[in-house]
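Since the structure comes first, as structure tokens, the remarks are kept for the end.
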Amino acid sequence: MAEAAKLYDEDFYAWTRAQAEALRRLAGEHWNGPLDLEHLAEEVEDLGKSQRHAVESLIERIIEHLLKLEYLPAFEPRRGWLISVLNARNHAGRLLTVAIRREIEPRLEHAYANARRVTVLALWEHGEISSGSLLPEACPYALDQVLDDGWFPPNQHGLVDRYT
């Protein structure tokens with residue numbers, strides 16, 4: 001039991017998966033207790049999935065704003081995008097676990113595709129209709145870059161983004 005408590009503290013997502021599996025195993029053994037083991041397993045598993053989805057959403061937001069910082073020549077909205085990136089990185093850092101990272105990293109291209117679509121529309125909103133065509137089709141960022149508080153992509157228009 002101490003191992004489960006340690007996993008709970010160190011990687012909540014992995015803990016939810018392990019607990020759901022244990023509940024299903026117990027249900028498979030036809031345990032005759034008062035608990036609805038299958039539904040409990042689903043609920044515990046959903047807690048972990050919610051955490052993973054939150055991290056995925058934060059990564060998409062970070063990528064969206066990194067793309068804006070890199071490709072949009074407008075100066076005015078940049079500070080808000082920097083703030084959004086830093087806030088999302090801080091929040092993702094609190095939620096990200098080894099198990100979540102292992103599942104999210106192969107899905108970075110999917111997150112990028114979602115962020116790219118939103119960025120194209122946001123560029124239009126800033127009058128940058130042609131800038132959307134400059135965005136790479138494949139994700140130009142590694143997950144470590146997306147999550148690194150000190151990293152920002154070079155701006156295509158010579159603007160420098162620093163927050164320190």
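Considering each residue of region 121-146, count those that are farther than 22 Å from Asn90 by Cα, crowded, with 17+ Cβ neighbours inside 10 Å and of a type in the set (A, V, I, L, M, F, W, C), and give that number. Here the count works out to 3.
Give region 57-82 a look and list any residue that's part of a helix (DSSP H, G or I), free of Cβ contacts under 8 Å to residues at least 24 places away in the same chain and either within 24 Å of Ser130 (Cβ to Cβ) or not hydroxyl-bearing (Ser, Thr, Tyr) (or both), or say none. Steps first, please.
Here is the first cut: in region 57-82, the residues part of a helix (DSSP H, G or I) are 57-71, 78-82.
Within this subset, residues satisfying the condition of being free of Cβ contacts under 8 Å to residues at least 24 places away in the same chain are 57, 65, 79-81.
Matches in region 57-82: His65, Arg79, Gly80, Trp81.
Among the residues in region 147-157, are any touching a helix residue (DSSP H, G or I) at 6+ places or on another chain (Cβ under 8 Å), without any contact (Cβ under 8 Å) to a residue 12 or more places away in the chain and surrounded by 14 or more Cβ atoms within 10 Å (Cβ to Cβ)? The answer is yes; a qualifying residue exists. Does Pro140 satisfy the condition of being of a type outside the set (Gly, Ala, Ser), modelled with pLDDT of 95 or more and in a loop (DSSP other than H, G, I, E, B)? The answer is yes for Pro140. Among the numbered conditions (1) surrounded by 21 or more Cβ atoms within 10 Å (Cβ to Cβ); (2) free of Cβ contacts under 8 Å to residues at least 60 places away in the same chain, the only one that Arg102 does not meet is (1).
The values are calculated or read from the model by the stated rules, or taken from the named source; none is laboratory data. Only a predicted model underlies this, so the values are computations on that prediction, with no experimental measurement involved. Cβ sites come from the backbone with ideal geometry, for glycine too, and all protein chains shown count toward neighbours.
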